[in-house]
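The block underneath contains the structure these notes are about, expressed in structure tokens.
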Amino acid sequence: MNINLIKTESDYNQALERLEVIFDAKRGTEEGDELELLGMLIDQYENEHFPIDLPDPIEAIKFRMEQMGYNQNDLAKIIGFKSRASEILNRKRKLSLEMIRQLHDALNIPTDVLIQTY
């Protein structure tokens, strides 16, 4: 096992190639240990160099509604009024703390996504 820190894009690409080779390694074997360490190093490099921002709150609501087959009437049942649901989806009204709680509970959207400024 010869594992080095991933400092450059070239190192990253080599690590990905090696990961493909040992991907099916059994736990507890030397290759299994290498796979686990390599995975952690790749994850650390990706988090530093390819950060993923949280989604826009309204887009997250729309996406989750689509996934669940919900429409604006369903959203209105969650937050109270049909007009309020329309205002939220059209970005004319900000989410209140109570709405964030209700959306989190009903649509299972993380609160850290819903509390963002938009």
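Summary table
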quantity	calculated
Conditions (1) open to solvent by 100 Å² or more (accessible area, probe 1.4 Å); (2) part of a helix (DSSP H, G or I); number of the one not met by residue 24	(2)
Residue list for the range 96-118, restricted to those being open to solvent by 50 Å² or more (accessible area, probe 1.4 Å), assigned to a loop (DSSP other than H, G, I, E, B) and β-branched (Val, Ile, Thr)	115, 117
Sole exception among (1) surrounded by 12 or more Cβ atoms within 10 Å (Cβ to Cβ); (2) without any contact (Cβ under 8 Å) to a residue 12 or more places away in the chain for residue 29, by number	(1)
Tabulated pairs, the range 3-17, first under 15 Å from residue 47 (Cα atoms) and assigned to a helix (DSSP H, G or I), second open to solvent by less than 70 Å² (accessible area, probe 1.4 Å) and of a type in the set (Phe, Trp, Tyr), C-beta under 6 angstrom, 6+ apart or interchain	12/45
Pairs, first under 13 Å from residue 109 (Cα atoms) in the range 56-84, second charged (D, E, K, R) and open to solvent by 70 Å² or more (accessible area, probe 1.4 Å), C-beta under 7 Å, six or more apart	58/91
Residue list for the range 78-118, restricted to those being closer than 16 Å to residue 62 by Cβ and among the aromatic types (Phe, Trp, Tyr)	118
Scope the range 51-61; condition out of contact with any helix residue (DSSP H, G or I) (no Cβ under 7 Å at 6 or more places or on another chain) and modelled with pLDDT of 95 or more; matching residues	56, 59
Flag for residue 2 being over 18 Å from the mean Cα position of the chain (by Cα), open to solvent by 40 Å² or more (accessible area, probe 1.4 Å), under 29 Å from residue 118 (Cα atoms) and polar (S, T, N, Q)	no
Helices (runs of 4 or more DSSP H) contained entirely in the range 37-95, each with at least 3 residues that are open to solvent by 80 Å² or more (accessible area, probe 1.4 Å)	57-68
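The values are calculated or read from the model by the stated rules, or taken from the named source; none is laboratory data. This is a predicted model, so every value here is computed, not measured. No Cβ is skipped: glycine too gets one built from the backbone with ideal geometry, and neighbour counts run over all protein chains shown. The accessibility values were calculated without ligands, DNA or RNA, using every heavy atom of the protein model including side chains. Shrake-Rupley method; radii C 1.70, N 1.55, O 1.52, S 1.80 Å.
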